[in-house]
């Protein structure tokens, strides 16, 4: 009996000891599971890139840039802008908020405060100071953006452990995508030839930015002037060099290659923005940011937003059909290939998620359209302002009732109208009638009565989505197709037509399989799709939906 008792006690002791050891192990090394996310998200917005540029120059692209995106990525071939105007600040805000101007508040690059009549710039902020320059170019912040961005939501989801950085030559295209709480946002100052920021983000430039600036890359990039990559006769997708619809650099007698920009840039008579080398500079700065902040190697998901803006400046100067435009995209293709290779080396292929899109497209130059019997013409904002003021003064015995006409919207002098107790509804009504009767216009509407207007639903929806009561002109006009706010050279944008609103959208990298969707998709679907891929909340003003074709694939 005694032996049995000893054996029983021994068994109980051993079992208890094993249980205690197992409990200790469980306490010391808990089993943890992480949400599957890429190490880095890179949002690339190519300024003024029409969707058809993916295929117009396809045969000339190398394998590592646009073709890599098209072949390895998921293509959303029918992505359109679902608001007006189709402009830079609006585009970047809508891409990263998943929302529209009616909600996020960025109603244009510039707007008129409808309650005070004061002009405003989308990212101007008098409460902050410039960092890196003595000029006013740094007095910028995202405070005018009234909704969160997908970059904000990533910060919130990781308790601000992620690093978020915005990069562009343009202040608005760096600031708005990076959101309200980024690690940093940087843009280019033409006067100094340096990247700068504002005290909204930091009190002084980081050492890595100073080092980059001190290397004087802009002067090096422009030192050998701008010559075409290939022999001129090989640019068969472009018009003859030196066409009448192309612009000129300062001091040039014609628009043809070569462009002697070295001395012009050194003396600040030309900006690097209007050359393809501005894109090279931007992507090189982005590479430096990846190294400095160890983006993609911080133990959580980071986010880098990049805007390649030189495509927009070149387009505005030379138009859609210039050899300069084709050359800019061929050079950008090489720059993207080098950038993706850098990501492969620094973050690892398959570890990062890239999406590439555009803030807007562009319309053919008016003179190009005329030369080829295409519809088009000039839509001169100042002329309409003057004509409206003359007409309204005759009817209401008060001058300067229209402050401005911006992005096809009429801004009234509301304080004056109210102060003189004029009939605002009657003023808007006769303005709508005047603009509708103009042979260059299709439609015009008082936005307070838009649902009563006989306007096709797709156009009306874009007008409503783009209308912010406090920041948008009360009467919005839809011109005939091809009618631009631009001059005789270069191009413009801002309209509802596919030229301006059909944009590229490709996802590539982490968890993305090659494929394509031809579903009806919108700019506002991008942020919700990224949110779904990252398993984080959509931005708080988002109206878009995740792209289910991509997620199923």
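The values are calculated or read from the model by the stated rules, or taken from the named source; none is laboratory data. It should be emphasised that the depicted structure is a prediction, and the values quoted were computed from it without experimental measurement. In this analysis, Cβ positions are derived from the backbone assuming ideal geometry, glycine residues included, and neighbour counts consider all displayed protein chains.
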Note to self: If the requirement is being farther than 18 Å from residue 385 by Cβ and either touching a strand residue (DSSP E or B) at 6+ places or on another chain (Cβ under 6 Å) or without any contact (Cβ under 8 Å) to a residue 12 or more places away in the chain (or both), which of these qualifies: 454, 444?
What the structure shows: 454
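Quick grid of which residues meet (1) over 16 Å from residue 39 (Cβ atoms); (2) surrounded by 21 or more Cβ atoms within 10 Å (Cβ to Cβ):
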position	(1), (2)
284	yes, no
295	no, yes
304	no, yes
310	yes, yes
318	yes, yes
322	yes, yes
334	yes, no
Check: Can you find even one residue in the stretch 264-286 that is out of contact with any strand residue (DSSP E or B) (no Cβ under 9 Å at 6 or more places or on another chain), over 27 Å from residue 346 (Cβ atoms), in the same structural domain as residue 212 (by TED's automatic domain parsing) and modelled with pLDDT of 95 or more?
Finding: yes
Item checked: Matching residues, the stretch 388-413, being part of a helix (DSSP H, G or I) and out of contact with any strand residue (DSSP E or B) (no Cβ under 9 Å at 6 or more places or on another chain) -> 390, 391, 393, 394, 395, 396
Note to self: Can you confirm whether residue 340 is farther than 23 Å from residue 285 by Cβ, crowded, with 18+ Cβ neighbours inside 10 Å and touching a residue at least 24 places away in the same chain (Cβ under 8 Å)?
What the structure shows: no
Check: Do the conditions hold for residue 470, that is, is it in contact (Cβ under 8 Å) with a residue 12 or more places away in the chain and not assigned by TED's automatic domain parsing to the domain that holds residue 353?
Finding: yes
Check: Restricting attention to the stretch 529-549, which residues are out of contact with any helix residue (DSSP H, G or I) (no Cβ under 7 Å at 6 or more places or on another chain) and surrounded by fewer than 22 Cβ atoms within 10 Å (Cβ to Cβ)?
Finding: 535, 540, 548, 549
Checklist line | Set 373, 413, 400: member being surrounded by 16 or more Cβ atoms within 10 Å (Cβ to Cβ) and either over 30 Å from residue 315 (Cα atoms) or without any contact (Cβ under 8 Å) to a residue 60 or more places away in the chain (or both) | finding: 413
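Only one residue in 435, 463, 391 is crowded, with 21+ Cβ neighbours inside 10 Å and farther than 30 Å from residue 97 by Cα, so which one is that? Full working, then the answer.
Details: 463 fails: farther than 30 Å from residue 97 by Cα; 391 fails: crowded, with 21+ Cβ neighbours inside 10 Å.
Checking each option against the conditions leaves just 435.
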Notebook entry, point to check: Hey, residue 492 hits all of (1) within 29 Å of residue 239 (Cα to Cα); (2) outside any loop (DSSP other than H, G, I, E, B) but one; which does it fall short on?
Noted result: (2)
